[in-house]
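Comments concern the structure below.
The values are calculated or read from the model by the stated rules, or taken from the named source; none is laboratory data. Because the structure is predicted, anything quoted here is derived from the model rather than measured. Please note: Cβ atoms are built from the backbone with ideal geometry, for glycine as well, and neighbour counts cover all protein chains shown. Quick note on the areas: whole protein, heavy atoms, side chains included, nothing else; ligands and nucleic acids left out. Shrake-Rupley method; radii C 1.70, N 1.55, O 1.52, S 1.80 Å.
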Amino acid sequence: MVNTAIALPRVFVTRRLPEPALSRLQQAPIVLDLWPEAGPPPYEELQRRVAGCQGLLCLLTDRIDEALLAAAGSELRVISQMAVGVDNIDLAACTRRGIPVGHTPGVLTEATADLAVALLLATARRLVEAANDVKAGRWHTWDPMGWVGPDVHGSTVGIVGLGRIGAAVARRLQGFAVRLLYHNPRPSPWAAEVGATWVPWETLLAESDFITLHCPYSPATHHLINAAALAQMKPTAILINTARGGVVDQEALEQALRTGRIAAAGLDVTTPEPLPADHPLLSLPNVVVLPHIGSASLSARRRMAEMAVANLLAGLAGERLPHCANPAVYG
Ligand code: GLV
């Protein structure tokens with residue numbers, strides 16, 4: 001008898017997704033291999049699991065490089081990442097192999113902007129330090145100079161990367177009557193709407209009370225905030241990073257915070273992630289570090305997962321991905 005069954009595409013998914021995306025995946029006509037553990041699969045395990053797969057749904061914690069693609073083999077038709085940033089993926093190598101890479105722009109913009117502003121306020125007004133002092137019994141009295149920090153209201157905020165998320169941050173900050181500066185390689189289409197003025201890099205560094213990073217991470221933005229940049233900032237300046245850890249030279253930042261070269265930093269992203277609990281940065285009182293939770297609102301995470309599944313299924317069906325990070329793959 002001739003076997004007429006059509007082989008279903010094999011897909012490796014590197015973490016349990018939130019519902020309803022997970023059910024959609026489980027009901028899809030695919031052979032699903034779902035990584036069951038709470039942490040990411042180790043790289044060698046990822047290589048083993050992806051071998052012979054037609055689809056891969058991954059997270060920003062998975063390194064997708066040339067060797068991984070080679071291990072996957074020529075069957076791999078689509079990579080779909082549940083994140084907007086794709087700096088963990090060698091996009092050029094995927095494009096060379098004709099593999100479209102999906103990502104999830106738009107749906108996490110507002111959640112990430114909320115977090116950036118929360119982190120900015122928390123760092124300026126020393127919320128974490130103050131709350132820890134209350135818990136530790138160090139709240140002795142109302143103190144005229146206790147836990148004082150700079151005003152956000154009326155300050156100058158420099159936005160590095162006025163894209164979707166940077167503009168959403170700017171919109172929120174309008175309510176604080178701030179002066180908004182930004183620096184992008186090209187003028188931003190959002191600048192007029194949000195009332196942000198393009199300034200040269202040196203001006204942004206020198207004039208901002210707060211600098212908030214919203215640029216993608218790439219070789220061009222690697223260590224954009226380095227010792228030279230920190231040296232040009234005000235000693236009262238506060239740096240906020242909700243983009244990627246690699247945009248900041250963390251050793252230079254630590255030095256600048258330790259010596260009072262700048263006042264404070266609020267970091268939702270670090271190098272490495274997770275940052276070890278005994279990392280020297282965490283011993284500084286003027287640093288707030290969060291565990292990369294920019295997009296961690298229920299609705300953003302649900303929508304990211306749904307978008308990632310939609311990209312995956314489109315790729316398996318040979319359709320153009322609704323949200324493709326390497327459109328050059330389509331020629
Ligand atoms: C989160 O950092 C993302 O890129 O989606």
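Filter the stretch 84-112 down to residues that are of a type in the set (S, T, N, Q) and not in a loop (DSSP other than H, G, I, E, B) and give me whichever is nearest to the ligand (Cβ to nearest atom). Here the answer is 112. Screening residue 272 with (1) within 16 Å of the ligand (Cβ to nearest atom); (2) within 25 Å of residue 125 (Cα to Cα); (3) without any contact (Cβ under 8 Å) to a residue 60 or more places away in the chain gives one miss only, at (2). Scanning the stretch 275-325 for residues that are surrounded by 15 or more Cβ atoms within 10 Å (Cβ to Cβ), of a type in the set (D, E, K, R) and more than 12 Å from the ligand (Cβ to nearest atom) yields 302, 306. For the residues 68, 121, 32, the requirement of being open to solvent by 50 Å² or more (accessible area, probe 1.4 Å) and part of a helix (DSSP H, G or I) singles out 121. Of all the listed residues (146, 98, 158), the sole one being open to solvent by 40 Å² or more (accessible area, probe 1.4 Å), over 17 Å from the mean Cα position of the chain (by Cα) and not hydroxyl-bearing (Ser, Thr, Tyr) is 98.
Do any strands (runs of 3 or more DSSP E) entirely within the stretch 166-255 hold 3 or more residues that are closer than 23 Å to residue 122 by Cα, aliphatic (A, V, I, L, M) and touching a Leu at 6+ places or on another chain (Cβ under 9 Å), and if so, which? It comes to 238-241. Of all residue pairs spaced 6 or more apart or on separate chains, those with beta-carbon atoms under 6 Å, a first member in the stretch 106-133 that is polar (S, T, N, Q) and a second member that is open to solvent by less than 50 Å² (accessible area, probe 1.4 Å) and part of a helix (DSSP H, G or I) are 109/165; 109/168; 112/165.
Going by what's in this entry, would residue 24 be described as among the charged types (D, E, K, R) and closer than 20 Å to residue 71 by Cβ? Spelling it out, it is not the case that residue 24 is among the charged types (D, E, K, R) and closer than 20 Å to residue 71 by Cβ. Residue check: residue 52 meets all listed conditions (1) away from the ligand (no atom under 16 Å from the Cβ); (2) in a strand (DSSP E or B) but one, namely (2).
Name the residues in the stretch 248-269 that are under 21 Å from residue 215 (Cβ atoms) and free of Cβ contacts under 8 Å to residues at least 24 places away in the same chain, would you? Of everything in the stretch 248-269, just one residue is under 21 Å from residue 215 (Cβ atoms) and free of Cβ contacts under 8 Å to residues at least 24 places away in the same chain, namely 251. Among the residues making up the stretch 185-233, those that are open to solvent by less than 20 Å² (accessible area, probe 1.4 Å) and small (Gly, Ala, Ser) are 188, 191, 196, 208, 229. Restricting the stretch 72-83 to residues that are buried (at least 19 other Cβ atoms within 10 Å of the Cβ) and small (Gly, Ala, Ser) leaves a set whose member that is farthest from the ligand (Cβ to nearest atom) is 72.
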